[in-house]
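The values are calculated or read from the model by the stated rules, or taken from the named source; none is laboratory data. What you see is a predicted model; the values in this text were computed from it and never measured. Cβ placement follows ideal geometry from the backbone for every residue including glycine, while neighbour counts extend to all protein chains displayed. Note: accessible area is taken over every heavy atom of the protein model, side chains too, but ligands, DNA and RNA are not part of it. Shrake-Rupley method; radii C 1.70, N 1.55, O 1.52, S 1.80 Å.
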Amino acid sequence: MSAEAFDFLPLLPKDLPPPAIKWRGSPKYNFTGGNNDAEQIPLDGLVVAADAVLRREGRSLATYGLTSGPQGYRPLREFLAAKLKRDAGIACSYDDILLVSGSLQALDLVNGALLARGDTVIIEQESYQGALTRLARLGVNAVGIPLDADGMRMDALAAALEDLKRRRIRPKYVYVIPTVQNPTGTIMSEERRLTLLKLSEGYGVPIFEDDCYADLTWDGRRPPAIHAMSKSGGVIHIGSFSKSVAPALRVGFILAGWEMLSRMLALKIDAGSGGLEQMVLAEYCAKHFVEHVPKLARGLRAKLDALMDALNEHFGTAAEFEDPKGGIFLWVKLPDGVDTLKLYQSALAAGVAINPGPEWSTDPTHSRSRMRLCFASPSREQIRAGIAALAEVCHKEFGVPERIANVGRRARGP
Ligand SMILES: Cc1ncc(COP(=O)(O)O)c(C=O)c1O
(Lines give C-alpha, C1' and ligand atoms only; values in the text may rest on other atoms or scores of the structure.)
Protein backbone atom coordinates (compact mmCIF):
# COMPACT_ATOMS: atom_id res chain seq x y z
CA MET A 1 0.00 0.00 0.00
CA SER A 2 1.41 3.43 -0.91
CA ALA A 3 1.68 6.13 1.78
CA GLU A 4 -1.01 8.18 -0.04
CA ALA A 5 -3.53 5.35 0.15
CA PHE A 6 -3.31 4.83 3.88
CA ASP A 7 -6.79 4.96 5.38
CA PHE A 8 -6.88 6.95 8.62
CA LEU A 9 -10.67 7.01 8.74
CA PRO A 10 -11.19 3.93 10.94
CA LEU A 11 -8.71 5.38 13.45
CA LEU A 12 -10.49 8.70 14.01
CA PRO A 13 -12.42 9.16 17.27
CA LYS A 14 -16.21 9.32 16.80
CA ASP A 15 -16.62 12.83 18.21
CA LEU A 16 -14.08 14.52 15.93
CA PRO A 17 -15.48 17.67 14.29
CA PRO A 18 -16.08 17.55 10.51
CA PRO A 19 -12.94 18.09 8.42
CA ALA A 20 -11.81 21.64 7.62
CA ILE A 21 -12.49 22.97 4.15
CA LYS A 22 -9.33 23.56 2.11
CA TRP A 23 -8.54 27.28 1.76
CA ARG A 24 -8.57 28.30 -1.88
CA GLY A 25 -7.72 31.97 -1.51
CA SER A 26 -9.83 34.99 -0.53
CA PRO A 27 -12.93 35.95 -2.48
CA LYS A 28 -12.69 39.15 -4.55
CA TYR A 29 -14.95 41.06 -2.14
CA ASN A 30 -14.50 39.75 1.37
CA PHE A 31 -16.91 41.06 4.01
CA THR A 32 -16.39 38.09 6.35
CA GLY A 33 -14.28 37.36 9.39
CA GLY A 34 -12.77 39.71 11.93
CA ASN A 35 -9.89 40.87 9.77
CA ASN A 36 -8.45 44.33 10.16
CA ASP A 37 -7.40 47.09 7.76
CA ALA A 38 -4.04 46.18 6.17
CA GLU A 39 -3.28 49.87 5.57
CA GLN A 40 -3.55 50.54 9.29
CA ILE A 41 -1.07 47.97 10.56
CA PRO A 42 1.58 50.18 12.22
CA LEU A 43 4.45 48.60 10.32
CA ASP A 44 7.18 51.16 10.97
CA GLY A 45 6.49 51.15 14.69
CA LEU A 46 6.44 47.34 14.83
CA VAL A 47 9.74 47.12 12.92
CA VAL A 48 11.45 49.54 15.32
CA ALA A 49 9.94 47.76 18.32
CA ALA A 50 11.06 44.32 17.09
CA ASP A 51 14.58 45.56 16.46
CA ALA A 52 14.87 47.24 19.88
CA VAL A 53 13.41 44.43 21.96
CA LEU A 54 15.32 41.67 20.16
CA ARG A 55 18.64 43.46 20.56
CA ARG A 56 17.95 44.12 24.21
CA GLU A 57 16.28 40.90 25.36
CA GLY A 58 16.34 38.47 22.43
CA ARG A 59 18.36 35.87 24.31
CA SER A 60 15.43 35.27 26.64
CA LEU A 61 13.81 33.43 23.69
CA ALA A 62 16.02 30.51 24.75
CA THR A 63 13.63 29.89 27.65
CA TYR A 64 10.02 28.71 27.39
CA GLY A 65 7.91 31.56 28.79
CA LEU A 66 10.90 33.92 28.28
CA THR A 67 12.04 34.91 31.76
CA SER A 68 8.53 35.88 32.81
CA GLY A 69 7.08 32.48 33.74
CA PRO A 70 4.01 30.71 32.38
CA GLN A 71 1.62 33.69 32.47
CA GLY A 72 3.45 35.44 29.63
CA TYR A 73 5.86 38.32 29.00
CA ARG A 74 5.72 40.51 32.08
CA PRO A 75 6.12 43.95 30.41
CA LEU A 76 3.07 43.21 28.24
CA ARG A 77 1.06 42.20 31.30
CA GLU A 78 2.21 45.43 32.99
CA PHE A 79 1.13 47.44 29.96
CA LEU A 80 -2.26 45.72 30.06
CA ALA A 81 -2.77 46.31 33.79
CA ALA A 82 -2.11 50.05 33.31
CA LYS A 83 -4.28 50.20 30.17
CA LEU A 84 -7.19 48.37 31.82
CA LYS A 85 -7.04 50.84 34.70
CA ARG A 86 -6.94 53.88 32.41
CA ASP A 87 -9.51 52.80 29.81
CA ALA A 88 -11.83 50.33 31.54
CA GLY A 89 -11.56 51.36 35.20
CA ILE A 90 -10.22 47.95 36.25
CA ALA A 91 -7.87 47.86 39.23
CA CYS A 92 -5.66 44.80 38.75
CA SER A 93 -2.06 43.70 38.83
CA TYR A 94 0.00 42.18 36.02
CA ASP A 95 -0.14 39.01 38.11
CA ASP A 96 -3.91 38.68 37.54
CA ILE A 97 -3.34 38.42 33.79
CA LEU A 98 -2.65 35.35 31.65
CA LEU A 99 -1.46 35.97 28.09
CA VAL A 100 -2.95 33.54 25.58
CA SER A 101 -2.94 32.80 21.84
CA GLY A 102 -5.73 35.17 20.83
CA SER A 103 -8.93 35.51 22.78
CA LEU A 104 -10.12 32.32 21.06
CA GLN A 105 -7.77 30.45 23.36
CA ALA A 106 -9.25 32.47 26.20
CA LEU A 107 -12.70 31.14 25.23
CA ASP A 108 -11.35 27.59 25.21
CA LEU A 109 -9.69 27.96 28.61
CA VAL A 110 -12.69 29.54 30.31
CA ASN A 111 -14.94 26.87 28.78
CA GLY A 112 -12.47 24.14 29.71
CA ALA A 113 -12.41 25.27 33.33
CA LEU A 114 -16.16 25.69 33.73
CA LEU A 115 -18.16 23.61 31.28
CA ALA A 116 -19.20 19.98 31.01
CA ARG A 117 -21.47 18.32 28.44
CA GLY A 118 -25.11 19.03 29.26
CA ASP A 119 -24.39 22.34 31.04
CA THR A 120 -26.30 25.53 30.32
CA VAL A 121 -24.92 29.01 29.66
CA ILE A 122 -26.61 32.31 28.87
CA ILE A 123 -25.50 34.32 25.87
CA GLU A 124 -26.68 37.28 23.80
CA GLN A 125 -29.17 36.01 21.18
CA GLU A 126 -26.93 37.39 18.45
CA SER A 127 -23.35 36.55 19.31
CA TYR A 128 -19.89 35.65 18.13
CA GLN A 129 -19.95 32.56 15.93
CA GLY A 130 -16.71 31.30 17.51
CA ALA A 131 -18.43 31.26 20.91
CA LEU A 132 -21.59 29.60 19.58
CA THR A 133 -19.79 26.82 17.70
CA ARG A 134 -17.63 26.05 20.72
CA LEU A 135 -20.68 25.67 22.93
CA ALA A 136 -22.38 23.42 20.37
CA ARG A 137 -19.28 21.26 20.08
CA LEU A 138 -19.08 20.93 23.88
CA GLY A 139 -22.73 19.84 24.03
CA VAL A 140 -23.63 22.88 26.12
CA ASN A 141 -27.12 24.39 25.97
CA ALA A 142 -26.90 28.11 25.03
CA VAL A 143 -29.90 30.17 26.13
CA GLY A 144 -30.12 33.28 23.93
CA ILE A 145 -31.26 36.61 25.37
CA PRO A 146 -32.50 39.25 22.90
CA LEU A 147 -30.66 42.55 22.52
CA ASP A 148 -31.82 46.09 21.86
CA ALA A 149 -29.90 49.32 21.24
CA ASP A 150 -28.46 49.16 24.79
CA GLY A 151 -27.23 45.57 24.55
CA MET A 152 -28.58 42.44 26.26
CA ARG A 153 -32.12 43.04 27.56
CA MET A 154 -32.18 42.74 31.34
CA ASP A 155 -35.92 42.00 31.59
CA ALA A 156 -35.40 38.98 29.34
CA LEU A 157 -32.30 37.92 31.27
CA ALA A 158 -34.16 38.14 34.60
CA ALA A 159 -36.99 36.01 33.16
CA ALA A 160 -34.54 33.41 31.78
CA LEU A 161 -32.64 33.17 35.09
CA GLU A 162 -35.89 32.74 37.00
CA ASP A 163 -37.13 30.11 34.56
CA LEU A 164 -33.86 28.16 34.81
CA LYS A 165 -33.92 28.38 38.60
CA ARG A 166 -37.44 27.00 38.63
CA ARG A 167 -36.12 24.08 36.60
CA ARG A 168 -33.18 23.70 39.03
CA ILE A 169 -30.64 24.63 36.39
CA ARG A 170 -27.74 26.84 37.45
CA PRO A 171 -26.15 28.33 34.31
CA LYS A 172 -22.36 28.25 34.32
CA TYR A 173 -21.99 31.82 33.07
CA VAL A 174 -23.56 34.76 31.25
CA TYR A 175 -21.35 35.45 28.22
CA VAL A 176 -21.54 39.06 27.03
CA ILE A 177 -19.70 41.24 24.54
CA PRO A 178 -20.85 44.45 26.20
CA THR A 179 -18.64 47.06 24.56
CA VAL A 180 -19.24 47.10 20.79
CA GLN A 181 -21.14 43.86 20.53
CA ASN A 182 -20.42 41.34 17.78
CA PRO A 183 -22.40 41.38 15.52
CA THR A 184 -24.84 44.17 16.49
CA GLY A 185 -22.30 46.92 17.34
CA THR A 186 -24.22 48.00 20.46
CA ILE A 187 -22.70 49.17 23.74
CA MET A 188 -24.35 48.03 26.96
CA SER A 189 -25.30 51.06 29.06
CA GLU A 190 -23.73 51.55 32.49
CA GLU A 191 -27.14 51.16 34.11
CA ARG A 192 -27.61 47.78 32.44
CA ARG A 193 -24.16 46.67 33.51
CA LEU A 194 -25.22 47.34 37.11
CA THR A 195 -28.44 45.37 36.66
CA LEU A 196 -26.49 42.53 35.07
CA LEU A 197 -24.16 42.43 38.07
CA LYS A 198 -27.10 42.39 40.47
CA LEU A 199 -28.72 39.51 38.61
CA SER A 200 -25.42 37.65 38.39
CA GLU A 201 -24.84 37.97 42.13
CA GLY A 202 -28.47 37.25 43.01
CA TYR A 203 -28.56 34.01 41.02
CA GLY A 204 -24.93 32.99 41.67
CA VAL A 205 -24.04 32.98 37.98
CA PRO A 206 -20.67 34.48 36.98
CA ILE A 207 -20.24 36.88 34.07
CA PHE A 208 -17.89 36.11 31.19
CA GLU A 209 -17.02 39.53 29.69
CA ASP A 210 -15.46 39.50 26.21
CA ASP A 211 -14.13 43.00 25.57
CA CYS A 212 -12.09 42.54 22.39
CA TYR A 213 -13.66 45.49 20.50
CA ALA A 214 -13.69 47.92 23.44
CA ASP A 215 -10.80 50.05 22.11
CA LEU A 216 -12.60 50.73 18.83
CA THR A 217 -15.38 53.18 19.76
CA TRP A 218 -15.75 56.16 17.42
CA ASP A 219 -15.41 58.77 20.17
CA GLY A 220 -12.80 56.84 22.15
CA ARG A 221 -15.16 56.60 25.11
CA ARG A 222 -16.61 53.53 26.74
CA PRO A 223 -18.44 52.64 29.97
CA PRO A 224 -16.40 51.00 32.72
CA ALA A 225 -15.88 47.29 32.21
CA ILE A 226 -18.33 45.05 34.07
CA HIS A 227 -15.26 43.59 35.76
CA ALA A 228 -14.44 47.07 37.10
CA MET A 229 -17.95 47.50 38.53
CA SER A 230 -18.07 44.12 40.26
CA LYS A 231 -17.51 43.93 43.99
CA SER A 232 -17.86 40.16 44.22
CA GLY A 233 -15.08 39.06 41.86
CA GLY A 234 -17.57 37.01 39.81
CA VAL A 235 -16.44 38.36 36.44
CA ILE A 236 -13.90 36.80 34.09
CA HIS A 237 -12.68 39.40 31.60
CA ILE A 238 -10.93 38.64 28.31
CA GLY A 239 -9.43 40.87 25.64
CA SER A 240 -7.21 40.81 22.59
CA PHE A 241 -4.73 42.76 20.48
CA SER A 242 -6.36 41.34 17.32
CA LYS A 243 -8.71 44.25 16.76
CA SER A 244 -6.53 47.08 18.08
CA VAL A 245 -3.22 46.06 16.47
CA ALA A 246 -3.27 42.88 14.34
CA PRO A 247 -5.11 39.53 14.47
CA ALA A 248 -2.28 37.44 13.01
CA LEU A 249 -0.12 38.19 16.08
CA ARG A 250 -2.49 35.92 18.04
CA VAL A 251 -2.13 37.67 21.37
CA GLY A 252 -5.03 37.86 23.79
CA PHE A 253 -5.42 37.78 27.56
CA ILE A 254 -7.53 36.59 30.47
CA LEU A 255 -8.05 38.60 33.63
CA ALA A 256 -9.37 36.58 36.55
CA GLY A 257 -8.76 35.83 40.21
CA TRP A 258 -6.14 33.18 40.97
CA GLU A 259 -8.82 30.65 41.94
CA MET A 260 -9.92 30.47 38.27
CA LEU A 261 -6.69 31.64 36.61
CA SER A 262 -4.80 28.75 38.19
CA ARG A 263 -7.36 26.32 36.74
CA MET A 264 -7.02 27.82 33.29
CA LEU A 265 -3.24 27.91 33.48
CA ALA A 266 -3.32 24.20 34.28
CA LEU A 267 -5.36 23.63 31.11
CA LYS A 268 -2.98 25.72 28.96
CA ILE A 269 -0.68 22.89 28.03
CA ASP A 270 1.08 24.53 25.06
CA ALA A 271 4.16 25.66 27.04
CA GLY A 272 3.25 29.30 26.50
CA SER A 273 1.98 31.49 23.66
CA GLY A 274 4.37 33.03 21.11
CA GLY A 275 7.00 35.03 23.01
CA LEU A 276 8.26 37.18 20.13
CA GLU A 277 4.79 38.60 19.44
CA GLN A 278 4.37 39.45 23.11
CA MET A 279 7.77 41.17 23.24
CA VAL A 280 7.15 43.22 20.10
CA LEU A 281 3.68 44.23 21.23
CA ALA A 282 4.89 45.32 24.66
CA GLU A 283 7.65 47.42 23.14
CA TYR A 284 5.33 48.97 20.53
CA CYS A 285 2.30 49.52 22.76
CA ALA A 286 4.15 51.19 25.64
CA LYS A 287 5.06 54.05 23.29
CA HIS A 288 2.40 54.12 20.58
CA PHE A 289 -0.86 52.40 21.57
CA VAL A 290 -2.59 55.60 22.70
CA GLU A 291 -1.96 57.42 19.44
CA HIS A 292 -2.44 54.37 17.18
CA VAL A 293 -5.94 53.40 18.30
CA PRO A 294 -7.80 56.70 17.62
CA LYS A 295 -6.17 56.83 14.18
CA LEU A 296 -7.28 53.27 13.47
CA ALA A 297 -10.81 54.07 14.68
CA ARG A 298 -11.02 57.13 12.37
CA GLY A 299 -10.03 54.98 9.39
CA LEU A 300 -12.58 52.32 10.32
CA ARG A 301 -15.31 54.93 10.69
CA ALA A 302 -14.57 56.21 7.17
CA LYS A 303 -14.93 52.67 5.83
CA LEU A 304 -18.18 52.18 7.71
CA ASP A 305 -19.49 55.38 6.10
CA ALA A 306 -18.50 54.02 2.68
CA LEU A 307 -20.36 50.77 3.45
CA MET A 308 -23.52 52.50 4.67
CA ASP A 309 -23.47 54.80 1.59
CA ALA A 310 -23.05 51.80 -0.72
CA LEU A 311 -25.92 49.93 0.98
CA ASN A 312 -28.17 52.99 0.76
CA GLU A 313 -27.29 53.43 -2.89
CA HIS A 314 -27.66 49.83 -4.00
CA PHE A 315 -30.21 48.37 -1.59
CA GLY A 316 -32.20 51.49 -0.66
CA THR A 317 -34.80 50.73 1.98
CA ALA A 318 -34.29 46.97 1.48
CA ALA A 319 -31.25 47.12 3.81
CA GLU A 320 -31.96 48.22 7.37
CA PHE A 321 -29.24 48.81 9.93
CA GLU A 322 -28.32 50.81 13.01
CA ASP A 323 -25.16 52.90 12.91
CA PRO A 324 -22.82 50.82 15.15
CA LYS A 325 -20.96 52.60 17.95
CA GLY A 326 -17.58 51.27 16.91
CA GLY A 327 -15.87 48.10 15.74
CA ILE A 328 -15.54 46.49 12.36
CA PHE A 329 -19.00 45.05 11.58
CA LEU A 330 -22.38 46.18 10.31
CA TRP A 331 -25.40 43.98 11.14
CA VAL A 332 -27.87 44.31 8.30
CA LYS A 333 -31.55 43.28 8.04
CA LEU A 334 -32.78 42.44 4.54
CA PRO A 335 -36.48 41.92 3.67
CA ASP A 336 -38.11 38.86 5.27
CA GLY A 337 -38.11 36.88 2.03
CA VAL A 338 -34.31 36.84 1.87
CA ASP A 339 -32.63 33.74 3.25
CA THR A 340 -29.04 34.86 3.89
CA LEU A 341 -27.77 31.26 4.01
CA LYS A 342 -28.86 30.96 0.37
CA LEU A 343 -27.68 34.46 -0.45
CA TYR A 344 -24.29 33.52 0.97
CA GLN A 345 -23.94 30.65 -1.54
CA SER A 346 -24.89 32.62 -4.63
CA ALA A 347 -22.95 35.72 -3.55
CA LEU A 348 -19.85 33.60 -3.02
CA ALA A 349 -20.18 32.23 -6.54
CA ALA A 350 -20.14 35.87 -7.70
CA GLY A 351 -17.01 36.63 -5.65
CA VAL A 352 -18.71 38.30 -2.65
CA ALA A 353 -18.36 36.74 0.81
CA ILE A 354 -20.81 37.67 3.59
CA ASN A 355 -21.54 36.17 6.99
CA PRO A 356 -25.12 34.82 7.00
CA GLY A 357 -27.09 35.80 10.10
CA PRO A 358 -28.15 32.31 11.30
CA GLU A 359 -24.50 31.48 12.01
CA TRP A 360 -24.36 34.38 14.48
CA SER A 361 -27.46 33.66 16.51
CA THR A 362 -29.10 31.25 18.91
CA ASP A 363 -32.33 31.90 16.98
CA PRO A 364 -31.79 31.12 13.29
CA THR A 365 -35.37 32.16 12.44
CA HIS A 366 -34.85 35.67 13.84
CA SER A 367 -31.58 36.07 11.96
CA ARG A 368 -32.68 34.33 8.74
CA SER A 369 -32.72 37.53 6.71
CA ARG A 370 -29.85 39.22 8.52
CA MET A 371 -26.18 39.30 7.58
CA ARG A 372 -22.95 40.56 9.10
CA LEU A 373 -20.58 42.62 6.98
CA CYS A 374 -16.99 43.31 8.02
CA PHE A 375 -15.90 46.67 6.64
CA ALA A 376 -12.36 46.76 8.05
CA SER A 377 -10.45 44.68 5.53
CA PRO A 378 -11.90 45.57 2.09
CA SER A 379 -10.76 48.87 0.58
CA ARG A 380 -13.34 51.60 0.02
CA GLU A 381 -13.38 50.75 -3.70
CA GLN A 382 -13.93 47.07 -2.90
CA ILE A 383 -16.73 48.04 -0.51
CA ARG A 384 -18.51 50.02 -3.24
CA ALA A 385 -18.05 47.39 -5.97
CA GLY A 386 -18.72 44.45 -3.63
CA ILE A 387 -22.03 45.87 -2.36
CA ALA A 388 -23.10 46.63 -5.95
CA ALA A 389 -22.34 43.01 -6.88
CA LEU A 390 -24.17 41.72 -3.78
CA ALA A 391 -27.25 43.77 -4.68
CA GLU A 392 -27.25 42.25 -8.19
CA VAL A 393 -27.11 38.73 -6.78
CA CYS A 394 -29.78 39.43 -4.16
CA HIS A 395 -32.05 40.97 -6.79
CA LYS A 396 -31.65 37.99 -9.11
CA GLU A 397 -32.27 35.44 -6.36
CA PHE A 398 -34.93 37.12 -4.21
CA GLY A 399 -36.27 40.04 -6.25
CA VAL A 400 -34.90 42.58 -3.75
CA PRO A 401 -33.74 45.28 -3.88
CA GLU A 402 -36.53 45.92 -6.35
CA ARG A 403 -34.62 48.35 -8.51
CA ILE A 404 -31.03 47.72 -9.31
CA ALA A 405 -28.76 50.50 -10.61
CA ASN A 406 -31.55 52.66 -9.23
CA VAL A 407 -32.73 56.08 -10.26
CA GLY A 408 -31.16 57.72 -7.25
CA ARG A 409 -27.74 56.52 -8.30
CA ARG A 410 -28.15 57.64 -11.91
CA ALA A 411 -29.57 60.98 -10.86
CA ARG A 412 -26.44 61.68 -8.83
CA GLY A 413 -24.07 61.06 -11.75
CA PRO A 414 -23.17 63.68 -14.37
C1 LIG B 1 -16.30 38.58 20.30
C2 LIG B 1 -15.03 37.93 19.87
N3 LIG B 1 -14.31 37.25 20.78
C4 LIG B 1 -13.16 36.65 20.45
C5 LIG B 1 -12.67 36.72 19.16
C6 LIG B 1 -11.39 36.00 18.85
O7 LIG B 1 -10.41 36.89 18.50
P8 LIG B 1 -8.84 36.59 18.66
O9 LIG B 1 -8.66 35.15 18.96
O10 LIG B 1 -8.24 36.99 17.37
O11 LIG B 1 -8.41 37.45 19.80
C12 LIG B 1 -13.37 37.42 18.18
C13 LIG B 1 -12.87 37.49 16.79
O14 LIG B 1 -13.45 38.01 15.88
C15 LIG B 1 -14.58 38.04 18.54
O16 LIG B 1 -15.31 38.71 17.67
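Which one, VAL100, ALA214, GLY69, is farthest towards the positive end of the dipole of the chain when Lys and Arg carry +1 and Asp and Glu -1 on their Cβ? After comparing all options, I get GLY69. Rolling a 1.4 Å probe over the protein heavy atoms gives segment 96-157 an accessible area of 33 Å² per residue. Using a probe radius of 1.4 angstrom, the carbon and sulfur fraction of the accessible surface of the chain is 54%. Under 1.5 on a/c is rounded, so check that first for segment 28-131, then, if it is not, pick prolate when a/b is larger than b/c and oblate when it is not; a ≥ b ≥ c are the square roots of the alpha carbon gyration tensor eigenvalues. Verdict is oblate for segment 28-131. The 3J(HN,Hα) values that the Karplus relation (6.51, -1.76, 1.60; θ = phi - 60°) gives for segment 334-350 are, in residue order, 9, x, 3, x, 8, 9, 6, 5, 6, 4, 3, 4, 6, 5, 4, 4, 8 Hz. Gly and Pro appear as x. With loop membership from DSSP and a limit of 15 other Cβ atoms within 10 Å, the longest segment of the chain without trypsin sites (Lys or Arg not before Pro) is 232-402.
Structure remark: mean-square fluctuation, Gaussian network model of the chain, C-alpha springs under 10 Å; the largest value among LEU107, LEU147, LEU61 belongs to LEU61. Residue-wise HN-Hα couplings along segment 113-123, as the Karplus relation 6.51 cos²θ - 1.76 cosθ + 1.60 with θ = phi - 60° gives them from phi, are 7, 10, 9, 10, 3, x, 5, 10, 10, 10, 8 Hz; Gly and Pro carry x.
Remark: segment 205-340 carries 38 Å² of accessible area per residue (probe radius 1.4 Å; ligands, DNA and RNA excluded).
Surface exposure of segment 11-52, expressed per residue as accessible area with a 1.4 Å probe, stands at 77 Å².
In a DSSP loop and with at most 16 other Cβ atoms within 10 Å, the chymotrypsin sites (Phe, Trp or Tyr not before Pro) in segment 62-149 are TYR64. Classify segment 174-301 as rounded, prolate or oblate from the Cα gyration tensor: take a ≥ b ≥ c as the square roots of its eigenvalues, call it rounded if a/c is under 1.5, otherwise prolate when a/b beats b/c and oblate if not. In terms of gyration-tensor shape, oblate. Please work out the Kirkwood hydrodynamic radius for the chain, using every pair of different C-alpha atoms, and report it in angstroms with one decimal place. Roughly 22.8 Å, rounded to one decimal.
For PHE253, the solvent-accessible surface with a 1.4 Å probe is about 10 Å², rounded to the nearest 10. Pairs exceeding 24 Å between alpha-carbon atoms, taken from LYS28/LYS396; LYS165/LYS333; LYS85/LYS231; LYS22/LYS303; LYS28/LYS295; LYS198/LYS268: LYS165/LYS333; LYS22/LYS303; LYS28/LYS295; LYS198/LYS268. Working from Cα pairs under 8 Å separated by at least six residues, relative contact order for segment 107-194 is 33 percent. Accessible surface of PHE6, taken over heavy atoms with a 1.4 Å probe and every protein chain present, rounds to 100 Å².
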